[in-house]
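The values are calculated or read from the model by the stated rules, or taken from the named source; none is laboratory data. Please read all numbers here as calculations on a predicted model, not as lab measurements. Backbone-built Cβ (ideal geometry, glycine too); neighbour counts: all protein chains shown. Heavy atoms of the whole protein, side chains included, go into the accessibility calculation; ligands, DNA and RNA do not. Shrake-Rupley method; radii C 1.70, N 1.55, O 1.52, S 1.80 Å.
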Amino acid sequence: MPFFEWDTSYSVGVASIDTQHRKLVELINTLFEAMRDRKTAQIIGDLVRQLADYTVYHFSEEERLMEKASYSGLLLHKKEHATFIAKVREVQQKIDQGQANLIGFDLANFLRAWLKDHITGTDRNYGPVMRAAGLT
Ligand SMILES: [Fe+2]
């Protein structure tokens, strides 16, 4: 069983976003496995960067669709995204400063918990609005 297993309850009802969420789950699993297998700091650092970059891309796509659907919760949602990105960038900074040894399983646990809560809480709310606007 993977560290972070996709569950059908994670679907927000918008196919393109579900696909991106699955990719994020996959990236978190890859990071966890690299930590578990004691890969080098270089490899772990690259994976965190990959995850950060993909997250930035995904958030901007999500925000674009929310805007397109004139979703009323956009501003608050954007704030949640910004807080998360700041946290991940902080981790990345540590890695850039050669402190990758400080990055542990806490990070993988945090990422999994945050994404799961965000998808099943905040994200779920825009599903019906996007579908009503004809966005998939
Ligand atoms: Fe979101």
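Each other residue within a Cβ distance under 13 Å of residue 82 adds +1 if Lys or Arg and -1 if Asp or Glu, for a net charge of 0. In this structure the range 13-132 gives 55 Å² per residue of accessible area when probed at 1.4 Å with all protein chains present. Counted by Cβ distance under 13 Å from residue 93, the other residues give a net charge of +2, where Lys and Arg count +1 and Asp and Glu count -1.
In degrees between 0 and 90, to the nearest 10, how far off the longest principal axis of the chain does helix 105-120 point, with axes built from Cα atoms? Rounded to the nearest ten degrees, it is 0. With helices as the sole contributors, the chain gives -24000 deg cm²/dmol at 222 nm; each DSSP H run of n ≥ 4 counts as -39500 (n - 2.57), and the sum is divided by every residue. Spin-label pair residue 26-residue 56: with each label point 7 Å from Cα along the Cα-Cβ axis, the two points sit 2.1 nm from one another. The length gained on full extension between residue 7 and residue 63, counted as 0.36 nm times the residue separation minus their Cα-Cα distance, comes to 17.8 nm. The angle between the Cα long axis of helix 15-36 and the main principal axis of the chain comes to about 10°, on a 0 to 90 degree scale. Loop exposure criterion: trypsin sites (Lys or Arg not before Pro), DSSP state outside H, G, I, E and B, at most 16 other Cβ atoms within 10 Å. Applied to the chain, the longest stretch between such sites is 40-136. Our Cα-only numbers for the chain put the radius of gyration and Dmax at 15.5, 48 Å.
For the chain, the number of Lys pairs with C-alpha atoms closer than 15 Å, counting only pairs eight or more positions apart or on separate chains, is 4.
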